[in-house]
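Worksheet: the structure to be examined is printed underneath.
The values are calculated or read from the model by the stated rules, or taken from the named source; none is laboratory data. Everything numeric here is computed off the predicted structure, so don't read it as measured data. Counting neighbours? That spans all protein chains shown, and the Cβs are built from the backbone with ideal geometry, glycine included. All accessible areas refer to the heavy atoms of the entire protein, side chains included, with ligands and DNA or RNA removed. Shrake-Rupley method; radii C 1.70, N 1.55, O 1.52, S 1.80 Å.
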Amino acid sequence: MSRIIETDKAPKAIGPYSQAVVAGGFVYTSGQIAINPESGNVETERIEAQTEQVCKNIKELLSASGSGIEKVVKTTCFLKNMEDFAAFNEVYKKYFVSNPARSCVAVAELPKNVLVEIDTIAEV
């Protein structure tokens, strides 16, 4: 049986989906973008600061689910521009120290015209 996760410490879902779902001993987070949950806005245009906000949002979702960022086993990362790859990695590696499996792809566009989106799968 699955359990829907909701928290005010991460951005609200802006469509017909859940912030995260716990099922089968894992938590699956929806893709997180650089929205500050307090203001509801994207507050920076720099890849480093956007990645930082995305990682903070993921940490809050994982915490609300009873998991943690150290329990992440897989990430999927979407970058608007692969030229940001090195700068993105510098922030990413501060959070995902357990080196989970990862896919990272460039996409033409992301919601709210952000530069990065990350979703995760973590053990609960």
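Details
- Test: residue in segment 24-46 that is farther than 17 Å from Pro111 by Cβ, within 14 Å of the chain's Cα centre (by Cα) and basic (Lys, Arg): no
- Close pairs from segment 6-34: first over 20 Å from Glu52 (Cα atoms), partner in a loop (DSSP other than H, G, I, E, B) and of a type outside the set (A, V, I, L, M, F, W, C), Cβ under 6 Å, at least 6 apart: Glu6/Gln19; Tyr17/Ser30; Val21/Ser2; Ala23/Ser2; Val27/Ser67
- Filter pass, Val91 being in a loop (DSSP other than H, G, I, E, B) and out of contact with any Leu (no Cβ under 6 Å at 6 or more places or on another chain): no
- Checked against (1) surrounded by 14 or more Cβ atoms within 10 Å (Cβ to Cβ); (2) over 13 Å from the mean Cα position of the chain (by Cα); (3) among the hydroxyl-bearing types (Ser, Thr, Tyr), Tyr17 meets all criteria but (1).
- Leading residue by the ranking (farthest from Ile121 (Cα to Cα)) among those in segment 37-85 that are open to solvent by less than 30 Å² (accessible area, probe 1.4 Å) and not in a helix (DSSP H, G or I): Leu79
- Residues (loosely packed, with under 13 Cβ neighbours inside 10 Å and either in contact (Cβ under 8 Å) with a residue 40 or more places away in the chain or β-branched (Val, Ile, Thr) (or both)) located in segment 88-106: Glu90, Val97, Val105
- Residue within segment 113-120 that is open to solvent by 40 Å² or more (accessible area, probe 1.4 Å), at pLDDT 95 or above and either assigned to a loop (DSSP other than H, G, I, E, B) or not charged (D, E, K, R) (or both) present: yes
- Search result, residues across segment 16-33 that are touching a Pro at 6+ places or on another chain (Cβ under 9 Å) and in a loop (DSSP other than H, G, I, E, B): Gln19, Gly31, Ile33
- Some residue of segment 23-30 being open to solvent by less than 10 Å² (accessible area, probe 1.4 Å) and touching a Phe, Trp or Tyr at 6+ places or on another chain (Cβ under 9 Å): no
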